[in-house]
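Student: Take this structure first; my questions come after.
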Amino acid sequence: MRELRRTRPRLDALATDDLRVDVRTVFSWSYRALTAGTARFFRYVSLHPGPAVSAEAAATLRRVQPAPARRHLRELDRGQPALP
């Protein structure tokens with residue numbers, strides 16, 4: 001845990017030569033599996049400074065209504081596209 005706090009960028013502390021378990025590689029696979037709208041939503045939500053974000057706060061960051069924000073959050077949570 002100490003190494004993770006000290007290393008910049010932080011993902012470098014979790015790097016490995018085995019791409020099957022390398023955090024950046026696995027993260028990129030997950031990101032590419034998102035629908036375009038949810039990927040865009042994720043980029044906005046990543047601007048939130050805290051460790052957790054409510055649906056309402058996420059909606060505000062993306063400037064959308066809470067219902068679509070919840071759909072995107074469900075897709076991010078499940079790792080699969082959410083139905084409209």
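Student: Checking residue 64 against (1) open to solvent by 70 Å² or more (accessible area, probe 1.4 Å); (2) modelled with pLDDT of 90 or more: exactly one of these is not met. Which one?
Tutor: That leaves (1) as the condition not met.
Student: Can you find a residue in region 35-52 that is farther than 23 Å from residue 2 by Cα, open to solvent by less than 70 Å² (accessible area, probe 1.4 Å), part of a loop (DSSP other than H, G, I, E, B) and among the hydrophobic types (A, V, I, L, M, F, W, C)?
Tutor: No, region 35-52 contains no residue that is farther than 23 Å from residue 2 by Cα, open to solvent by less than 70 Å² (accessible area, probe 1.4 Å), part of a loop (DSSP other than H, G, I, E, B) and among the hydrophobic types (A, V, I, L, M, F, W, C).
Student: Considering region 11-34 alone, what residues qualify as being in contact with a Phe, Trp or Tyr (Cβ under 9 Å, 6 or more places away or on another chain), open to solvent by 40 Å² or more (accessible area, probe 1.4 Å) and either in contact (Cβ under 8 Å) with a residue 12 or more places away in the chain or of a type in the set (Asp, Glu) (or both)?
Tutor: Once the filter is applied, which keeps residues that are in contact with a Phe, Trp or Tyr (Cβ under 9 Å, 6 or more places away or on another chain), open to solvent by 40 Å² or more (accessible area, probe 1.4 Å) and either in contact (Cβ under 8 Å) with a residue 12 or more places away in the chain or of a type in the set (Asp, Glu) (or both), region 11-34 yields only 11.
The values are calculated or read from the model by the stated rules, or taken from the named source; none is laboratory data. Quantities reported herein were computed from a predicted structural model and do not represent experimental measurements. Cβ: placed from backbone, ideal geometry, glycine included. Neighbour counts: every protein chain shown. Ligands, DNA and RNA are stripped out before the accessible areas are found, and what is left, the full protein with its side chains, is counted by its heavy atoms. Shrake-Rupley method; radii C 1.70, N 1.55, O 1.52, S 1.80 Å.
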